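**Q** One structure, as structure tokens, below. Some questions next.
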Amino acid sequence: MTGEHSMGGLQSNAKMPERVRRRPTPEDWSDDELMTLAEASALFWPDGPLTTTSLRTAVRDQVLEVAEIAGKLLTNKRAIGRMSECRPRRENEPVSPGQQNSVPRSVAEVRAKRALELERTRMAGSGQTRSK
């Protein structure tokens, strides 16, 4: 398979954006060179876990910086690097910045949230207030 990647490994040439096929490693790109989201996902995550759709979600959630030119979303290595930095999550921080309410991360969180809501409903019905 000269010049192609197996379907079980890297993306096939049929799905590989042309510019990434010609320059397949991040070192081949300058830090500020604009690339499409499809190019970025193929370049940085050829085997996953992030896809073009994942990067669109990151744009929607304002996690990935982009330039919008002629209706195209473009990013660069520097923005991908900032998005990819690990940092601790703050208490009660939404899973995604674009979300209004945090998505529960476990069944225990769902149960705790329901119990708190039931307690508030019960107290509101009896005219009590909950002290902290």
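**Q** Within region 74-132, take every residue that is over 26 Å from THR52 (Cβ atoms) and among the β-branched types (Val, Ile, Thr) and give me the one that is modelled with the highest pLDDT.
**A** THR121
**Q** If we scan region 60-72, do we find a residue that is of a type outside the set (S, T, N, Q), loosely packed, with under 14 Cβ neighbours inside 10 Å, part of a loop (DSSP other than H, G, I, E, B) and modelled with pLDDT under 85?
**A** Looking through region 60-72, none of the residues is of a type outside the set (S, T, N, Q), loosely packed, with under 14 Cβ neighbours inside 10 Å, part of a loop (DSSP other than H, G, I, E, B) and modelled with pLDDT under 85.
**Q** Starting from region 9-26, take each residue that is modelled with pLDDT under 95 and list its partners that are of a type in the set (S, T, N, Q) and not in a helix (DSSP H, G or I), counting only C-beta distances under 9 angstrom and pairs at least six apart or across chains.
**A** The qualifying pairs are SER12/SER6.
**Q** Give the number of residues within region 20-43 that are part of a loop (DSSP other than H, G, I, E, B), surrounded by 12 or more Cβ atoms within 10 Å (Cβ to Cβ) and either in contact with a Cys (Cβ under 9 Å, 6 or more places away or on another chain) or charged (D, E, K, R) (or both).
**A** Selection size over region 20-43: 2.
**Q** Looking at THR52, is it under 20 Å from the mean Cα position of the chain (by Cα) and either surrounded by 15 or more Cβ atoms within 10 Å (Cβ to Cβ) or at pLDDT 95 or above (or both)?
**A** Criteria met by THR52.
The values are calculated or read from the model by the stated rules, or taken from the named source; none is laboratory data. Fair warning: this is a prediction, and the values are worked out from it, not measured in the lab. FYI the Cβ positions are ideal-geometry reconstructions off the backbone, even for glycines, and counts take in every protein chain you see.
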